[in-house]
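One structure is given below, encoded as structure tokens.
The values are calculated or read from the model by the stated rules, or taken from the named source; none is laboratory data. None of these values were measured; they are calculated from a predicted model. Cβ: placed from backbone, ideal geometry, glycine included. Neighbour counts: every protein chain shown. To get the accessible areas, we keep the full protein, side chains included, count just its heavy atoms, and leave off ligands, DNA and RNA. Shrake-Rupley method; radii C 1.70, N 1.55, O 1.52, S 1.80 Å.
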Amino acid sequence: MAVVFHYVDKNGDVTERFVGIQHVSDTTSTSLKEAIDRLFSREELSIFMLRGQGYDGASNMKALVVTANRNADIAIFFTSCNSLVNIVGASCKRRDMLRDQLQKDITEALEKILFQQVSDHPLSAVVCLKRISTALARKWNILEPKPLSDPFFFIPHSNFDLMDSLPDAIVQYILSHMNNARDVAICNCVSKRWKDSIPYIRSLYFPRNSFDNHLGRDSPDDIVLKMISLIEKLENLVVYSPFSAAGLASWLMLIGPTLRYLELRMDNLAEQQACHEIPSKLDCLMAAENLESLKLWGVLMTRSPNWDVFQKLSNLEIVGARLEDPALSTVLQACPNLTNLLLLGCEGVRSVSIELPYLEQCKLDFYGLGNCSFSMECPKIKVLEVQGCSWIRVREAKYLRNLSIANNAGRVYMVDFEKLGALEFLSIRGVQWCWDAISNMLQWASEVKHLFMKVEFTGDFETLQPFPEVDFVDFFNNHPKLQKFDIHGAMFAALCQKNSLKNVDSGFAIPCLEEVVITVRSPLNAEQKMSTLESLLKYGKNLKAIVIKILQMKSSHSSADDFFDEICRFRYMNRKIVRIE
């Protein structure tokens, strides 16, 4: 079969060129089609660029035309194809729209299928990427397909890289979803195209075991440096593997201006030399002055770091730290625009004062003797959790919605708030609270919707005292919006005193209460406790659930068994609402 191309060259001249003679074993339409496909494949031409075909009157070609004319579906197909090619091909705008839609479809397919299935398996990810690239290559007629028995196996042309079939935008999109340094290194070895796309990575993550059993001549610090030096604009960096202050300084010298998110496992709590390193790991962080989020794990902060001001830093998280008050004060002053502050598992703090005009969420967890003092003046604060403080003073809390105060190691002597009109959730926990502190908190939180109370004793300083009697009616009248009430041990006993229900009248109701969770530890005053349970059920007009938790109730007296029998009877009589755990 002789093949001639009829085309318009770049000068606009119509040209015909004899291409060659293709051997065919017979002259059936199928054989001729396969021969043409082989020719196009061998010459690295795309059949999608073909705008038409002509023939010299051979009977087999006539048979194709006759078949198309006699079959309505085939005729409609060719008519539609002809119109589509003419409409799209005649307009650059329509052609660009079609290509944009194709790229969008491919991108969505990659996002929905590839990364949901193999995000945690880098080797599988590379295999899938190869398969996707070869499938796309087949669609674009770059590769010659093998039989359908192995649909993902193709014979490439000589010197053709399978991964080269992917457009730049797709390669960069795929890499944007890979941040594990090992995954990136594997993709770097797949193809030169992947290696050339490394500069477009935005995130890198080095796990804790990144350099386990490392035997190379380069140190881990140098390996990280080489990797980040290939990236043009690294925005997120997470390093859990060990590193030195000199290594960190060299990294941030390169990527500091573009870095937005930084998370480091410092691991210097037990390092004596960390106190004498100049510059220290903390000092090096100032090179990333455009940070928006900073997370540090295992920090030794006994001296103030050499920081200026992180103007763009909105999130600061420090987990597991040994702090000194002046150092913490310096850190907070260097971050004036924080909206989120988290200090967890921090020891050594005696007094902390926070004055941040934009702070909205704050979680503090100080451990040790539990006698830290805390003061705050943050007019936009919405969520506040404090653990390990004995003296607490908060000003300007009109937007505060969630408040949790706990002290599991020490005592809470004083709390000082203003009216908490926006408060929806309040949790007070600890071994011992001064009763004035509890009473004041309940008074300020009159609009609360969810109240959690777990305090074992009251009393001032070293004196432990039981809870005073709490009037049942006054308590719920002072908290009319209460929807969920978690009450434990001693506080429940205070509501169950002999005179707690003396002021109940026929018009009394608990309007909003929907769920009550009660933890019972002692059979003492069993009659009053059962009376309180019945009153909750009677006056809670919208009550949907009462959960009674029996916790370590031990007594050699039969009263414990009798009390438990009463609870079981109460549950049986109200089984739609009451349950026992």
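The gain in end-to-end length when the E514 to R38 segment is fully stretched comes to 163.8 nm, 0.36 nm per residue minus the alpha carbon separation.
Electrostatic tally near H6: other residues with Cβ closer than 9 Å to its Cβ, Lys and Arg +1, Asp and Glu -1, net 0.
Between the beta carbons of R575 and S244, assuming R0 = 60 Å, the FRET efficiency works out to 0.40 to the nearest 0.05.
Relative to its Kirkwood radius, the Cα radius of gyration of segment 382-472 gives an Rg/Rh of 0.94. Projected over all directions and averaged, the alpha-carbon convex hull of segment 395-537 occupies 8.5 nm². Accessible-area rank, largest first, for Y539, Y205: Y205, Y539, with all protein chains present and a 1.4 angstrom probe. In this structure, the pairs whose alpha-carbon distance is over 24 Å, taken from K195/K281; K398/K541; K449/K541; K233/K295; K195/K233, are K195/K281; K398/K541.
What distance in nm separates the two pseudo spin-label positions at V504 and T30, each 7 Å out from Cα along the beta-carbon direction? Taking the simple label geometry, V504 and T30 are separated by 9.0 nm. In this calculation the C-beta distance from S83 to V3 is compared with R0 = 30 Å, giving a FRET efficiency of 0.65.
Taking amide H as placed 1.01 Å from N in the peptide plane, V578 has its amide H under 5 Å from the amide H of I546, each at least 5 places away in sequence or on another chain. What net charge is computed for the residues neighbouring E324, neighbours being all others with C-beta under 12 Å from the C-beta of E324, Lys and Arg scored +1, Asp and Glu -1? Surrounding charge for E324 is +1. Extension gain for E462 to K544 (0.36 nm times residue separation, less C-alpha to C-alpha distance): 25.4 nm. Ordered by 1.4 Å accessible area with all protein chains kept, T463, T458 run largest first as T463, T458.
Computed with a 1.4 Å probe over protein heavy atoms only, the accessible area of M1 comes to about 60 Å². In segment 380-411, which residues have a backbone nitrogen under 11 Å from the label point lying 7 Å from E424's Cα in the Cα-to-Cβ direction? Backbone N within reach: 401-402.
Positive contributions from Lys and Arg (+1) and negative ones from Asp and Glu (-1), summed over other residues with Cβ under 15 Å from the Cβ of S353, come out at -3. Legend: calculated FRET efficiency, L537 to R393, from the Cβ-Cβ distance at R0 = 45 Å, rounded to 0.05, equals 0.70. Measuring with a 1.4 angstrom probe and ignoring ligands and nucleic acids, H488 comes out at about 30 Å² accessible.
Probing with 1.4 Å while keeping every protein chain in the model, the per residue accessible area of segment 190-264 equals 49 Å². Among K576, K104, the sequence by solvent-accessible area, most first, with a 1.4 Å probe is K576, K104. Surface exposure of segment 330-389, expressed per residue as accessible area with a 1.4 Å probe, stands at 40 Å².
Surface calculation, 1.4 Å probe, protein heavy atoms: F476 sits at approximately 10 Å² accessible.
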